[in-house]
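Undergrad: My structure is below; once you've seen it, I'll send some questions.
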Amino acid sequence: MPQMGGMTNLMSRAGSTCDTSPVPRVPSGSLPMTSTSPTFAELFTPKLVTVFREGYGLRDMRADAVSGLTVAIVALPLSMAIAIASGVSPDRGLYTAIVGGFFVSLLGGSRFQIGGPAGAFIVLVAATVAQFGVDGLILATAMSGLMLMAMGFLRLGTFIKYVPYPVTVGFTAGIAAIIFASQIGTLLGLTLEGAEPGPIVPKLQALAGALPTVTPSAVAIAALTIGIILGLRRHRPHWPGMLIAIIVASFVSTLLALPVETIGTRFGGIPRALPAPALPEISLARIVELLPAAVSFALLGSIESLLSAVVADSMTGRRHRSNCELVAQGAANLASSIFGGFCVTGTIARTATNVRSGARGPVAGMLHAAFLLLFMMVAAPLAAYIPLSALAGVLAVVAWNMAEKHEFATLLRASRGDAVVLLATFLLTVFRDLTEGILVGFALSTLLFLHRMSEEVEVENALRQDDVADATDASGRGRYDTALATDRDIAVVRISGAFFFGAAAKVAVALDRIQEHPKTYILDLSGVPLVDSTAASTVASFVRKARGRGAQVFVSGARPEARTLLDAHGVRPPSVTFATTTEEAVALAQAAAEPASHHPAHGQSAAPV
């Protein structure tokens with residue numbers, strides 16, 4: 001997820017770009033539209049097929065070839081840097097970009113998505129390698145691939161868009177902080193007495209203790225790399241700054257014979273071909289112990305890939321198929337693991353580069369994978385001269401771009417609730433665990449949302465209403481005309497807002513505080529768009545209390561869904577009488593209060609509706 005700054009705010013627009021529920025939304029007050037649910041083929045047809053059906057010619061192929069080459073140049077150093085930072089050899093990063101990137105484009109639901117290794121996974125991958133080894137990482141990647149495919153076929157992609165914005169910014173900034181901390185030792189050329197600790201606090205303590213071993217040459221190469229990247233971004237933004245910086249740093253370190261660690265000295269170079277397909281040993285015990293890591297990979301992968309697809313949609317005006325994209329991501333992870341790679345996801349920076357380079361469709365992503373394979377076959381021996389401190393400099397820039405500085409500061413100022421969610425997610429990601437940070441942040445966001453929604457619910461009693469000029473509320477309804485409740489034996493109670501479990505206690509207290517004890521209550525639910533089981537139970541409890549005092553209860557304006565739920569909780573005739581409007585309920589109540597012999601017709605109309 002490199003160069004992600006300023007992009008996560010587009011998550012809020014996912015509702016307009018991701019696949020939605022098969023049932024279309026119906027505007028309030030309008031009749032339902034007749035519509036058929038999308039077929040399986042419509043939901044899961046890859047965008048590659050769609051592009052070919054629309055017509056794909058030689059001009060499109062040339063545009064995709066140029067775009068694919070541009071993205072491959074960007075992906076080449078980044079894939080190796082992410083792999084090394086993740087605790088594996090650089091060739092595995094290339095395997096991931098080649099195999100995973102090819103399948104993401106071949107089967108994906110986005111025209112422009114570029115798949116490959118992402119900076120967001122560095123923390124999870126490094127922890128998995130440290131605990132279970134490379135074989136455990138490969139098997140966990142395959143398991144996460146199967147999970148992603150299942151999520152897609154179960155059509156869960158639609159719900160990924162509900163990840164709150166403060167959570168997205170918080171865990172992204174947390175990942176950026178961890179990535180930068182993981183590169184400090186390489187940036188400074190430090191020599192540690194033992195293995196570098198994984199947790200952030202022990203890591204920083206160990207690095208601080210190794211400061212006397214700083215290697216000036218490594219610092220100089222890292223500074224040169226960062227300087228070239230930032231300089232080219234400012235003055236030549238269309239040039240491949242990362243690749244140029246790596247080439248220059250490698251040339252300088254080789255020419256001056258600087259004492260810096262390189263890919264060749266640590267890993268012995270890079271193979272010139274893909275490995276033969278294989279999977280590590282699989283057993284039930286191994287699957288069980290790797291399950292948490294696989295779930296974390298699938299969770300983060302689904303969020304990252306769909307967020308990247310949303311960014312591409314916002315840049316092009318196209319729409320991606322979210323569930324098809326998850327299936328493709330799953331297949332890509334499975335294929336990557338078979339060829340010795342690790343976690344694949346949609347990458348925002350490379351996807352954005354693909355769009356800006358003029359890509360026409362998924363062929364660009366497939367060609368990007370082919371160009372990477374060609375680079376590996378031709379230039380693999382040269383990779384041995386790349387200084388590790390130069391790759392660390394690349395990742396330092398990536399971490400800075402990921403940090404979402406502006407968005408982080410904006411959320412801190414926006415509201416206390418958003419700040420709490422943001423900081424909780426950020427701190428838990430940095431000091432505890434990424435998955436824990438996301439889950440806690442999501443839970444806090446949900447609680448804050450429920451609290452805010454419950455505060456919007458209002459309960460008004462017409463008996464206590466002042467005789468003032470009508471006012472219009474946010475829903476467009478005017479206040480009650482007190483003429484509707486001139487009879488002091490009738491209390492009209494108006495409930496407005498989403499009546500759900502978060503607001504049920506507030507409504508129950510308001511109903512219990514009605515000081516009058518009239519002979520008839522009218523509950524006006526015309527301003528209630530939503531009723532859940534807790535709310536229905538609250539109404540049922542109120543009806544029982546009112547009936548126990550000998551009062552009648554009318555319910556007006558309830559929507560069909562609300563009536564069905566109320567009926568299930570016992571709020572049905574003869575306990576209550578339903579009416580279409582409050583005026584009708586008042587008329588029925590007044591008619592029922594008069595002697596039945598004088599008003600036989602009204603007596604009949606007062607029967608439960």
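The values are calculated or read from the model by the stated rules, or taken from the named source; none is laboratory data. Since the model is a prediction, treat every value here as computed from it, not as a measurement. For neighbour counting, all protein chains shown are included, and Cβ atoms are generated from backbone atoms with ideal geometry for every residue, glycine included. The area values use the complete protein model at the heavy-atom level, side chains included, leaving out ligands, DNA and RNA. Shrake-Rupley method; radii C 1.70, N 1.55, O 1.52, S 1.80 Å.
Undergrad: What FRET efficiency comes out for the pair residue 356/residue 533, r = Cβ-Cβ distance, R0 = 45 Å, nearest 0.05?
TA: 0.35
Undergrad: Could you check the simple spin-label distance between residue 378 and residue 501, using points 7 Å along Cα→Cβ, in nm with one decimal?
TA: Roughly 6.1 nm, to one decimal.
Undergrad: Now, a different point. Starting from the Cα of residue 135, step 7 Å along the direction of its Cβ; do the same at residue 439; then give the gap between the two resulting points in nm.
TA: Computed distance between label sites residue 135 and residue 439 equals 2.8 nm.
Undergrad: Which distance in Å, rounded to a whole number, links the C-alpha centroids of the range 312-347 and the range 488-554?
TA: That distance is 50 Å.
Undergrad: Further, regarding this structure: Label residue 61 and residue 257 with points 7 Å out from Cα along Cα→Cβ: what is the distance between them in nm?
TA: Once both label points are built, they end up 5.1 nm from each other.
Undergrad: With every protein chain left in place, what is the accessible area per residue of the range 59-404 in square angstrom, probe 1.4 Å?
TA: With all protein chains present, the range 59-404 gives 36 Å² per residue.
Undergrad: To the nearest 10 Å², what's residue 446's accessible area with a 1.4 Å probe?
TA: 60 Å²
Undergrad: Considering only C-alpha atoms, what is the centroid distance from the range 220-292 to the range 140-190, in Å?
TA: Taking the Cα centre of each part, the range 220-292 and the range 140-190 sit 20 Å apart.
Undergrad: Highest first, please rank the peptides 91-102, 355-366, 543-554 by the mean number of other Cβ atoms sitting within 10 Å of their residues.
TA: 91-102, 355-366, 543-554
Undergrad: Using all C-alpha to C-alpha distances in the range 59-404, build P(r) with 10 Å bins and read off the rounded percent in each one.
TA: Spelled out bin by bin, the range 59-404 gives 6, 26, 36, 24, 7, 1 percent.
Undergrad: Helix-derived [θ] at 222 nm for the chain: sum -39500 (n - 2.57) over DSSP H runs of at least 4, divide by residue count, nearest 500?
TA: -19000 deg cm²/dmol
Undergrad: Still on this structure, please answer the following. Not counting ligands, DNA or RNA, and with a 1.4 Å probe, what is residue 159's accessible surface area in Å² rounded to the nearest 10?
TA: About 120 Å², rounded to the nearest 10.
Undergrad: Express in nm, to one decimal, how much length is gained between residue 195 and residue 458 on full extension, taking 0.36 nm for each residue of separation and deducting their alpha carbon distance.
TA: 88.7 nm
Undergrad: Expressed as a whole percentage, what fraction of the accessible surface of the range 215-316 belongs to carbon and sulfur atoms when a 1.4 Å probe is rolled over the protein heavy atoms?
TA: Of all accessible area on the range 215-316, carbon and sulfur atoms account for 68 percent.
Undergrad: Hey, what's the Kirkwood Rh for the range 252-376 if you take every pair of different alpha carbons, in angstrom?
TA: Here the Kirkwood hydrodynamic radius works out to 17.6 Å.
Undergrad: Projecting each Cα onto the charge dipole of the chain (Lys/Arg +1, Asp/Glu -1 at the beta carbon, about the Cα centre), which of 252, 226, 190 comes out farthest on the positive side?
TA: 252
Undergrad: Next question, about the same structure. Evaluate E = 1/(1 + (r/R0)^6) for residue 39 and residue 561, where r is the Cβ-Cβ distance and R0 equals 22 Å; express this FRET efficiency to the nearest 0.05.
TA: 0.20
Undergrad: Run the reach check for residue 203 against lysines, Cα to Cα strictly under 19 Å, same-chain hits fewer than 8 apart removed. What comes back?
TA: Qualifying lysines at Cα under 19 Å: none.
Undergrad: Under 26 Å Cα to Cα from residue 519, which lysines show up? Leave out anything in the same chain fewer than 8 places away.
TA: 506, 545
Undergrad: Scanning the chain for helices, which whole DSSP H stretches are 30 Å or more long along the axis (Cα) and average 0.0 or more by Kyte-Doolittle?
TA: Correct list, ordered by number: 58-85, 122-153, 165-188, 284-316, 434-455.
Undergrad: Could you tell me the distance between the Cα centroids of the range 74-139 and the range 365-388, to the nearest Å?
TA: 15 Å
Undergrad: I've got another one for you. Can you give the FRET efficiency to the nearest 0.05 for residue 211 and residue 432, using r as the Cβ-Cβ distance and R₀ = 30 Å?
TA: 0.70
Undergrad: What order do you get for 216-227, 564-575 when each peptide is scored by the mean count of other beta carbon atoms within 10 Å, highest first?
TA: 216-227, 564-575
Undergrad: Same structure again: I want the antiparallel fraction of DSSP beta bridges within the chain, as a percent rounded to 5.
TA: 35 percent
Undergrad: Only one of the values [x] 194; [y] 213; [z] 370 was calculated from this structure for volume of the Cα convex hull per residue in Å³; name its label.
TA: From the options [x] 194; [y] 213; [z] 370, the structure gives [x].
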